Amino acid sequence: MPKGIGSTLTIGLFAATLLFGLDRGGHIHNFLEAHSDLQEEVLRFAGFDIRSVTITGLQTLNEQDVLAATGIEADDSLPFLDADAVRDRLMALPLVRDVTVRKFYPNALSIGISENKPYALWQRDGEVSIIGSDGRVIGQMNDEAFTDLPLVVGEGANARATEFVAILDAAPDVKPLVKAGIRVGDRRWTLKLTSGLDVLLPEESPSEALQKFSTFLHDHKLADKDIVLVDLRYPDRVVLRLTEAAAAQREEQLKAKAKAKGGPA
């Protein structure tokens with residue numbers, strides 16, 4: 001064995017055992033502040049440079065972005081790393097719901113991420129945010145990867161996003177036609193279809209009303225009609241509103257019909 005190797009290994013093992021015990025006992029930072037001159041010796045003899053960082057649980061987040069957010073530098077060492085500070089920095093990411101940071105001596109770090117799953121988009125005051133199923137904002141809409149999420153619009157719409165999705169699920173053939181759900185007075189929904197048609201749902205039993213609209217849509221071929229609004233708020237009838245051009249044309253037809261009835265036999 002080369003001269004000095006035994007002493008080096010002994011010192012390194014002693015340092016590793018000492019620092020591990022201090023870290024487990026929660027006294028590492030106090031010790032290092034009081035003995036800051038030991039830092040270089042620890043790094044030299046014990047080899048506590050961070051050589052491995054394992055990140056698990058990522059779904060939407062990018063590993064490189066998460067690693068950058070940890071704030072870990074290339075010359076950081078494991079004993080001197082503040083795991084709580086790393087966790088706090090990662091918890092500041094909007095998509096992060098929870099974080100665990102574990103040290104594995106002598107030189108490995110494990111980070112477990114639990115993400116907030118993007119559930120819907122919420123538009124308010126001209127801004128579009130990504131929200132979780134609980135309605136909380138988890139990020140701003142700046143990625144095309146989320147454009148297929150359901151869109152709810154208006155004050156309080158975020159807190160009722162799961163209700164909106166459940167309504168759409170009740171009419172699967174209508175769901176692909178819906179561009180957005182607009183929350184009206186925090187009481188009911190108006191659906192904006194991709195065709196521009198507005199569908200006014202009632203406060204009570206909106207799912208049943210949308211199912212009725214689904215049948216009405218196909219039986220009466222509404223897609224081929226000059227209609228801009230379907231009002232389903234009344235339990236005993238469906239109210240339709242024509243486009244301005246169609247309404248003017250119908251008015252002329254009614255006038256012509258009335259004139260014909262009042263004319264000579």
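Laboratory data are not the source of any read-out in this text; all were calculated from the coordinates shown. Everything numeric in this text was worked out from a predicted model, so none of it was measured. All Cβ positions, even for glycine, are placed from backbone atoms using ideal geometry, and neighbour counts span all protein chains on display.
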At R0 = 22 Å, FRET efficiency that the Cβ-Cβ distance of Tyr105 and Asn62 yields, to 0.05: 0.20
Net charge dipole size for the stretch 87-156 [Lys, Arg +1 and Asp, Glu -1 on Cβ; Debye, nearest 20]: 560
Quick check on packing: order 63-72, 109-118 by the mean number of other C-beta atoms within 10 Å, highest mean leading. 109-118, 63-72
Residues meeting the amide H criterion for Leu242 (H placed from the backbone, H to H distance under 5 Å, 5 or more places apart or on another chain) are Val228
Expressed in nanometres to one decimal, the distance between label points 7 Å along Cα→Cβ at Phe146 and Asp236 is 4.6
Provide the per-residue ³J(HN,Hα) series for the stretch 88-94, in order, calculated from phi with Karplus coefficients 6.51, -1.76, 1.60 and θ = phi - 60°, each as a whole number of Hz, with x at glycine and proline positions. 4, 5, 6, 5, 6, 6, x
In this model, which of Lys179/Lys225; Lys117/Lys221; Lys117/Lys175 are farther than 30 Å apart at the alpha-carbon? Lys117/Lys221
